[in-house]
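The values are calculated or read from the model by the stated rules, or taken from the named source; none is laboratory data. If you're wondering where the values come from, they're calculated on a predicted model, not measured in any experiment. As a convention, Cβ positions derive from the backbone with ideal geometry for all residues, glycine included, and neighbour counts pool all protein chains shown. Calculation scope for accessible area: heavy atoms of the full protein, side chains included, ligands and nucleic acids excluded. Shrake-Rupley method; radii C 1.70, N 1.55, O 1.52, S 1.80 Å.
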Amino acid sequence: MSIVDNIAQIHERITHAVARAGRNADDIALMAVSKTKPAHAIEEAYRAGIRLFGENRVQEFAEKQPAFTNLVDAQFHLIGHLQSNKSGKAAALFHAIDSVDSLKLAERLNASAQAEDKILPILIEINIGGEEQKAGIAPGSKELESLLAAAPQLTSLSIRGLMTVPPHTDDPECVRPFFKKLRELRDQIAAQKLPRVGMHVLSMGMSHDFEVAIEEGSSCVRVGTAIFGER
Ligand SMILES: *Cc1c(COP(=O)(O)O)cnc(C)c1O
C-alpha cells in the first residue's frame, strides 16, 4: 500500500468513527506523524492533502526542514519531549509545541517565542495513565494548576488544549477509559474559564486506537505507522 492509499483508508475510517459518534468529520484534524521518515515521504503525504505533521525530535526536524520550504501551508508540530535548553530552537522551527509538560518549559518557550516575535500555540501534555517513565503532567497536580494559573503572564504562548499518549495496550478498547478521562479533564478546565487558557484541542489517538479516540471526543488524531509504515 502506498502512502496515498493509506491516507485514503484512514480518512474512510475517520468518516465511519465520526458517524458512529454523531460527530462532524470537519472537527477532526488528521496529523501525519513523520518522525524518522525521509522528506520524500512527507512530500508524498502533502500531495495527498495532508497539511499537519508531527515530529518528535528538534534536531531531526532541523535537518529535514530545508526540504520543505515549498510546502508553504504545511504545519509542523513538535509532539515529543522537549528539553528546556532546546526551547529556542524549537520555538523557531515549529508552528506549535504539542508536548509542553512543565511550567518551566512553558516559561522557556514563552521567552523564546517572544524573542522570535511570534505567538506560539501549545498543548499541555497530560500523563493520563500516571506512568512513571512517561512524559506529561499528572491530572490534578500542583504543576498543572501552576501552569494554568501562569497563562496570563505567558503572553507569547497560546494555550489550545490537551494532548496525551495513554498506556499501550493491544486492545484499543482498554484505552477508552483513558481517552474519556482526558476529555473530562479538558471539560473541567474549560468550565473554569481561566484567562488565556483555550481548551478546544484534544489531541489523542494513534494508529491502533484513533477510532476509539474519536468516539471519545478527540479533535486531533496523530497517525504515524498506519500512514508511513513501520518505523
Ligand atoms: C510516534 C507517535 C505517534 C504515532 O504513533 P503510531 O502508532 O505510529 O501511529 C503519535 N503520537 C506521538 C506522541 C508519537 O510519538
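Rounded, prolate or oblate: which one fits region 144-231, using the alpha carbon gyration tensor with axes a ≥ b ≥ c (rounded when a/c is under 1.5, else prolate when a/b beats b/c, else oblate)? It comes out prolate by the Cα gyration axes. Structural descriptor for the chain: relative contact order 20 percent, calculated from alpha carbon pairs under 8 angstrom and at least 6 residues apart.
Take the residue pairs K134/K180; K64/K86; K64/K134; K104/K180; K89/K181 and return only those whose Cα atoms are more than 22 Å apart. Result: K64/K134; K104/K180; K89/K181 exceed 22 Å.
For region 72-203, the spread of Cα positions along the three principal axes, ordered from largest to smallest, is 43, 31, 29 Å. In plain terms, the chain from H200 to D26 could stretch by 61.3 nm, reckoned as 0.36 nm per residue minus the Cα-Cα distance.
At a 1.4 Å probe radius, carbon and sulfur cover how many percent of the accessible area of region 104-169? Percent of accessible area from carbon and sulfur atoms in region 104-169: 49.
When the trypsin sites (Lys or Arg not before Pro) in region 144-215 are filtered for DSSP coil states and for at most 10 other beta-carbon atoms within 10 Å of their beta-carbon, the remaining sites are K193.
Rolling a 1.4 angstrom probe over the protein heavy atoms with all chains in place gives the chain an accessible area of 46 Å² per residue. Look at the Cα gyration tensor of region 1-70: its axes a ≥ b ≥ c give a/c of at least 1.5 with a/b over b/c, and that counts as prolate. When DSSP beta bridges are restricted to pairs lying wholly in region 39-183, around 0% turn out antiparallel.
Mean residue ellipticity, 222 nm, helices only, the chain: the sum of -39500 (n - 2.57) across DSSP H runs of n ≥ 4, divided by residue count and rounded to 500, is -11500 deg cm²/dmol. How big is D, in µm² s⁻¹, for region 129-183 by Stokes-Einstein at 25 °C and 0.890 mPa s if Rh is the Kirkwood radius over C-alpha pairs? Reported coefficient: 187 µm²/s. A quarter of the convex hull surface defined by the alpha-carbon atoms of the chain gives 12.1 nm² as the mean projection.
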